[in-house]
1. Inspect the range A:3-12 for any residue being part of a helix (DSSP H, G or I), within 11 Å of chain B (Cβ to nearest Cβ), surrounded by 14 or more Cβ atoms within 10 Å (Cβ to Cβ) and among the aliphatic types (A, V, I, L, M) and give the result as yes or no.
2. Without any contact (Cβ under 8 Å) to a residue 60 or more places away in the chain, outside any loop (DSSP other than H, G, I, E, B) and in the same structural domain as residue A:104 (by TED's automatic domain parsing) - does that describe any residue in the range A:187-195?
3. Considering only residues that are surrounded by fewer than 16 Cβ atoms within 10 Å (Cβ to Cβ) and at pLDDT 90 or above, look in the range B:1-29 and name the one that is farthest from residue B:93 (Cα to Cα).
4. Which residue is nearest to residue A:188 (Cα to Cα), if the candidates are limited to the range A:80-104 and must be in a helix (DSSP H, G or I) and at pLDDT below 80?
5. Would it be correct to say that residue A:40 is of a type in the set (A, V, I, L, M) and not in a helix (DSSP H, G or I)?
6. Quick one: residue A:62 ticks every box in (1) at the interface with chain B (Cβ under 9 Å from one of its Cβ atoms); (2) under 28 Å from the mean Cα position of the chain (by Cα); (3) not aromatic (Phe, Trp, Tyr) bar one, so which box is it?
7. Taking the range A:146-166 only, how many residues are surrounded by fewer than 17 Cβ atoms within 10 Å (Cβ to Cβ) and either under 15 Å from residue A:68 (Cα atoms) or not hydrophobic (A, V, I, L, M, F, W, C) (or both)?
8. Take the residues of the range B:32-77 that are within 14 Å of another protein chain (Cβ to nearest Cβ) and part of a loop (DSSP other than H, G, I, E, B): which is modelled with the highest pLDDT?
Amino acid sequence: MSYLDALRHELARAGVGGRRLDRIVDEFADHLACDPEADLGSPRVVAERFADELGLAQTRRAALLVFGALALTAVLLAAAGADTSYPARVQNGWAVGLTGLGLVAGAQVAFVAGVLALARGRRRSLTCAERRLVQRRAAVALGAGILTCSMLVAHGVVFRQMPAAWTALTIAAGVVPLPLLAYAGARLRSAAQLTPAGGVAPGLSADLPGALGRHSRALLALLGSLAVAAVVAQGSLFERSASEGPARGVIELAGIAVGTAALGRVLGLFS
Amino acid sequence: MTGDALKGHLDALVLAALRDGPLHGYAIIEELKRRSDGVFDLAEGTVYPVLHRLEADGLLSSAWSNTSGRRRRVYRLTRRGRSSLARRHEDWRTFAHAVEAVLA
């Protein structure tokens, strides 16, 4: 078997395929044509190095894509909700409430996971374990983004009292980001295929600068409290009800507690 | 000097090799050898994965060219690559100055 055939075989084994594989083999063929005695290294080592380097770049790109898709979702979500007056009494209340709750929960999880994926992904170098952490964070953001979009569509469908223009805008806001989210998912999958298992990534403390890293749990608690306070204020002021704000605050607090318990380890919140 | 000793600096060296104009993979390796008076004798196969990653990160761009009937991939610095090189060069100066101050 020639060096180039062995390289092709090893690249495919390491998860590098398609046009990328052909390009690498062509470049190595050109190198060998320049210097037939060149020491290019063992095909297996070279292929593993390619998987390593490309896995790093693709992980970064996938995290960025996921964040971009989520940003588009957020903009459309805001546009769908702007200048809308909601009826005092809602028909189909449980379905509207359930989809609304899914929407709020999905958007928050997507935002937190997306920010965390970007925070670790932007570092100049990442170990394999850190790459897998970025991929997990991006995957959670992606899943939550898809949940948000689905809930937005369902919300538009079940909230029958709203004007036709609102319904159309809400459903469109849920559907438009889906192709970008699907593409981001494909890039994420391809990055995951290039990342070998093994090792443990440091938690949230590694995402924070300097002294802040030593107080990551306190910072988490502070951010959670601020989110609850914002929800209480929003519920009290906009709904003009003494009970609505605290009630929403309790739901937010419960959601944060459940979310942290369920996703804390997956998102690498703890070391 | 082997790849291990250069780990962490290879990105900057590859970007610097392309500062004066586009080059193909073999020429980049030769340029690194030439500029370092043969000190940087890298395992040649390890430079290509770095080139591919730097391109994926947007610091390099590349295109096929035909030279004497042979297809070869030519790399060039992008604008982002040029500013990244300047930043890395500055980081290196600070680092080298500090190491020299400690060792002296």
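1. For the range A:3-12, residues part of a helix (DSSP H, G or I), within 11 Å of chain B (Cβ to nearest Cβ), surrounded by 14 or more Cβ atoms within 10 Å (Cβ to Cβ) and among the aliphatic types (A, V, I, L, M): present.
2. Yes; the residues of the range A:187-195 include at least one that is without any contact (Cβ under 8 Å) to a residue 60 or more places away in the chain, outside any loop (DSSP other than H, G, I, E, B) and in the same structural domain as residue A:104 (by TED's automatic domain parsing).
3. In this case the residue turns out to be B:21.
4. Of everything passing the filter in the range A:80-104, A:80 is nearest to residue A:188 (Cα to Cα).
5. In short, yes.
6. Answer for residue A:62: the failing condition is (1).
7. Residues flagged as surrounded by fewer than 17 Cβ atoms within 10 Å (Cβ to Cβ) and either under 15 Å from residue A:68 (Cα atoms) or not hydrophobic (A, V, I, L, M, F, W, C) (or both) within the range A:146-166 amount to 3.
8. B:59
The values are calculated or read from the model by the stated rules, or taken from the named source; none is laboratory data. Quick caveat: nothing in here was measured; it's all calculated off a predicted structure. As a convention, Cβ positions derive from the backbone with ideal geometry for all residues, glycine included, and neighbour counts pool all protein chains shown.
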